[in-house]
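K.L.:
This is the structure I want to talk about, given as structure tokens.
None of the figures in this text is laboratory data; all of them are computed from the coordinates on show. None of these values were measured; they are calculated from a predicted model. With ideal geometry, Cβ positions are generated from the backbone for all residues, glycine too; neighbour counts draw on all protein chains shown.
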Amino acid sequence: MMRRLFPAPLLSLALLAMWLVLNRDYSLGQWILGAVVATIVPVMTHSLRPTPVRIRHLGLAFRLFMMVGWDVIVWNWKVLRGTLAAPAKQPQGGFITVPLDLRDPNGLAVLAAIMCVIPGTIWSEMALDRSALLVHIFDLDDPDEEIRLIKARYERPLMEIFE
């Protein structure tokens, strides 16, 4: 009964907290409205969520999180230097096609988030059969090296975490 009423308890708590913070009103009425929203939205959107998440290696997930954080810092500087560079030294961007071994929908969603949060990379398109990914790289020197880096740095750990 509780699982049907609260199919995603953490999502419900997050929705309630966000409701209260965004309304900047902590009266009883707002608590009740927030609780109603936090109960109804997860039930109504249950079919939209991908398969249940099963994280197999929490330590590896934390290391991946820290590595992505570091990459965000490093790439912010690279993009800043590239945009401020003289026209003759500006980076040459381009597209690469990354063959994918990762099949878990949650892992693919995390990979999409990683590719979009790191400055200088954009997840552009995924093949319908999920076998390849088109990524735009801000400063593309060696396409093969970038493919190897994405697979080793992000895809392989995601496969260990989710599959």
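K.L.:
Per-residue HN-Hα couplings for the range 102-109, Karplus 6.51 cos²θ - 1.76 cosθ + 1.60 at θ = phi - 60°, whole Hz, x for Gly and Pro?
P.N.:
5, 10, 5, x, 5, x, 5, 5
K.L.:
Could you run the Karplus curve 6.51 cos²θ - 1.76 cosθ + 1.60 with θ = phi - 60° over the range 140-145 and give me ³J(HN,Hα) per residue in whole Hz, x for Gly and Pro?
P.N.:
9, 8, 10, x, 5, 5
K.L.:
What residues qualify as long-range amide H neighbours of residue 124, i.e. H under 5 Å apart, gap of 5 or more or another chain, H built at 1.01 Å from N?
P.N.:
134, 135, 136
K.L.:
Against the longest alpha carbon principal axis of the chain, how many degrees, from 0 to 90 and to the nearest 10, is the axis of helix 28-44 turned?
P.N.:
That works out to roughly 60 degrees.
K.L.:
Could you size up the charge dipole of the range 12-110 around its Cα centre, putting +1 on the beta carbon of Lys and Arg and -1 on that of Asp and Glu, and report it in debye to the nearest 20? Don't skip to the end; give the middle numbers.
P.N.:
Details: 9 positive and 4 negative charges, 55 e Å.
Dipole size: approximately 260 debye.
K.L.:
Sticking with this one: Radius of gyration and Dmax for the range 2-48's Cα atoms, expressed in Å?
P.N.:
10.7, 32
K.L.:
So if I take the centroid of the Cα atoms in the range 105-163 and the same for the range 1-78, what is the distance between those two points in Å?
P.N.:
Distance between centres, Cα-based: 23 Å.
K.L.:
Take 26, 154 and order them by how many other Cβ atoms sit within 10 Å, fewest up front.
P.N.:
Numbers: 26 10, 154 23.
So the residues, fewest neighbours to most, are 26, 154.
K.L.:
Test of understanding: in a Gaussian network model of the chain with alpha carbons linked when under 10 Å, which of 131, 47, 27 would top the mean-square fluctuation ranking?
P.N.:
Sorting by GNM fluctuation, first place goes to 27.
K.L.:
Given the options 100, 128, 149, state which has the largest fluctuation in a GNM of the chain using a 10 Å cut-off (strictly under) for Cα springs.
P.N.:
Maximum among the listed residues: 128.
K.L.:
With springs only between Cα atoms under 10 Å apart, run a GNM on the chain and tell me which of 94, 29, 82 wobbles the most.
P.N.:
Taking springs between Cα atoms under 10 Å, the residue moving most is 29.
K.L.:
Would you calculate, for the chain, the mean residue ellipticity at 222 nm contributed by helices, counting each DSSP H stretch of 4 or more residues as -39,500 (n - 2.57) and dividing by all residues, to the nearest 500?
P.N.:
Numbers: 7 runs with 91 residues, N = 163.
Mean residue ellipticity at 222 nm (helix-derived): -17500 deg cm²/dmol.
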